[in-house]
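One structure is given below, encoded as structure tokens.
Every number here is computed from the coordinates shown, using simple stated rules; none is lab data. Quick caveat: nothing in here was measured; it's all calculated off a predicted structure. Positions of Cβ are generated from backbone atoms using ideal geometry, with glycine treated the same way; all protein chains shown enter the neighbour counts.
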Amino acid sequence: YSAAAGSGQAWRIYSPDLEPDPNDLILLRDFRRHGTRDMYLLYQPKLDLASGYVRGAEALVRWQHPQLGNVSPAHFIPLLEETGLVTRLTYWVMEEAIQAVERCQEHDEDFSLSVNISSRDLMEGSTLIDFIKTRSFAYRKQALCLEITETGVIHDQRHAQKVIEQLHDENISCAVDDFGTGYASLSYLSAFSVDEVKLDRSFISNMLENRRHRTIIASTIALAHELGLKVTAEGVEDAATLRELAGLGCDMAQGYVISKPIAERDLHQLIGHRYFSETLLQEKV
Ligand code: C2E
Ligand code: CA
Ligand code: CA
Ligand code: CA
């Protein structure tokens with residue numbers, strides 16, 4: 001057995017057969033050396049389905065590695081989480097996003113940005129709160145939302161809930177990411193006072209063909225609304241699905257049909273422009 005780095009983390013079985021990927025070692029070495037130097041953020045617009053306007057976006061990190069090229073966050077985020085390095089990335093993303101949201105709010109004063117944090121960041125909540133408090137961010141109410149991506153069971157739910165309450169005190173809202181998969185389930189809605197639910201792409205992508213998925217989506221939207229939460233559908237790739245979601249009362253949508261993740265200057269161009277006409281919205285599928 002080997003104890004994983006950092007306190008409070010569960011013991012892991014050490015397997016000598018699992019040779020670490022040499023590229024992973026390069027990534028970890030270079031993150032320790034250079035941090036976020038070769039990283040940048042893209043923003044994926046979030047469409048408000050009631051109005052047809054882009055009123056928010058999700059910040060997604062990109063790593064343009066000098067030797068390895070573009071490395072997907074789906075690959076390097078888990079590496080940084082396992083080694084306890086992810087918090088350094090999280091702070092940088094938040095810093096960048098807060099500056100970006102102020103610029104976006106020059107186009108739409110209610111614009112909000114979402115950033116991804118891992119459950120590890122949430123557990124190291126006092127550091128997170130201290131970080132937020134030391135920056136006197138001049139952002140408005142609910143300009144920032146933290147999407148909590150589940151990578152494991154949250155062992156201390158009471159602590160996590162306290163962190164969420166402290167974030168609320170700082171005008172920061174919280175979303176459950178990838179809802180319906182893994183650990184992000186109904187029990188989260190009862191344990192944590194989150195503000196938003198993000199329906200996972202795996203339910204959305206085939207909802208027009210899969211009656212069960214459509215039923216789960218419709219019920220989750222109704223349940224979330226009963227609890228006073230907003231619902232975002234992620235991974236919407238076609239107009240028919242977008243219309244269906246609007247018909248079900250889904251609040252926001254994200255996906256390639258609206259836009260892939262884009263640079264901040266391109267995001268500014270989309271703010272204040274109506275994505276679709278009311279007639280398209282009202283059309284029945
Ligand atoms: P996620 O939070 O579920 O983000 C959505 C992912 O789906 C993004 O991949 C996005 O580019 C992709 N996507 C968006 N629309 C569509 C669509 O219509 N169809 C399909 N097939 N895919 C779509 P990306 O950018 O590669 O990010 C992957 C994951 O990496 C994210 O999943 C998130 O868990 C993590 N991640 C990204 N940036 C950060 C970050 O700054 N911090 C942390 N902790 N995690 C991050
Ligand atoms: Ca997310
Ligand atoms: Ca997600
Ligand atoms: Ca995800």
Report, in degrees rounded to the nearest 10, the 0 to 90 angle that the Cα long axis of helix 22-34 makes with the longest principal axis of the chain. 90
Can you give me the distance in nm between label points at A240 and W92, each placed 7 Å from the Cα along the Cα-to-Cβ direction? 4.3
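Please compute the contact order of segment 41-139 in relative form: average sequence separation of alpha-carbon pairs under 8 Å and at least six residues apart, divided by the residue count, as a percent. Write down the numbers at each step before the final one.
Numbers: 96 pairs, mean separation 25.5, N = 99.
It rounds to 26 percent for segment 41-139.
Rounded if a/c is under 1.5, else prolate if a/b beats b/c, else oblate: with a ≥ b ≥ c from the C-alpha gyration tensor eigenvalues square-rooted, which is segment 44-83? Can you show the working numbers first?
Values: a/c = 5.24, a/b = 2.43, b/c = 2.16.
It comes out prolate by the Cα gyration axes.
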In segment 138-241, which trypsin sites (Lys or Arg not before Pro) are in a loop and have at most 12 other Cβ atoms within 10 Å, using DSSP for the loop call? K141
Could you compute the FRET efficiency for T215 and K260, with r as their C-beta to C-beta distance and R0 at 35 Å, rounded to 0.05? 0.75
Tell me whether segment 41-143 comes out rounded, prolate or oblate; compute the Cα gyration tensor, take square roots of the eigenvalues as a ≥ b ≥ c, and use a/c under 1.5 as the rounded threshold. oblate
Can you give me the angle between helix 73-82 and the longest principal axis of the chain, using Cα atoms only, in degrees from 0 to 90, rounded to the nearest 10? 40
With a 10 Å cut-off between alpha carbons and a GNM built on the chain, which of L113, L47, L128 moves the most? L128
Segment 203-247, relative contact order [Cα under 8 Å, separation at least 6], %: 40
Run through segment 70-127 and list the GluC sites (Glu not before Pro) located in a DSSP loop whose Cβ has at most 14 other Cβ atoms within 10 Å. E106, E109
Most fluctuating residue of I216, I148, I258 in a GNM of the chain with Cα springs under 10 Å: which is it? I216
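Loop sites only, by DSSP: take the chymotrypsin sites (Phe, Trp or Tyr not before Pro) in the chain that have at most 10 other C-beta atoms within 10 Å and name the longest stretch containing none of them.
Longest stretch, sites excluded: 15-285.
Please label the shape of segment 162-285 as rounded, prolate or oblate, based on the square roots a ≥ b ≥ c of the eigenvalues of the alpha-carbon gyration tensor (a/c under 1.5 means rounded; beyond that, a/b larger than b/c means prolate, else oblate). Walk me through the numbers before you get to the answer.
Details: a/c = 1.88, a/b = 1.21, b/c = 1.56.
Since a/c reaches 1.5 but b/c is at least a/b, the shape of segment 162-285 is classed as oblate.
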If I fit a long axis through the Cα atoms of helix 211-226 and take the longest principal axis of the Cα atoms of the chain, what angle between them do I get, 0 to 90°, rounded to 10? 90
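Normalised by the residues of the chain, what does the relative contact order come to in percent, with Cα pairs under 8 Å and at least six apart?
Working: 446 pairs, mean separation 54.2, N = 285.
This gives 19 percent for the chain.
Across the chain, how large is the tail of the calculated P(r) beyond 28 Å, expressed as a percent of all Cα pairs? Intermediate values should be presented prior to the final figure.
Details: 15817 of 40470 pairs.
Value for the chain (Cα pairs over 28 Å): 39 percent.
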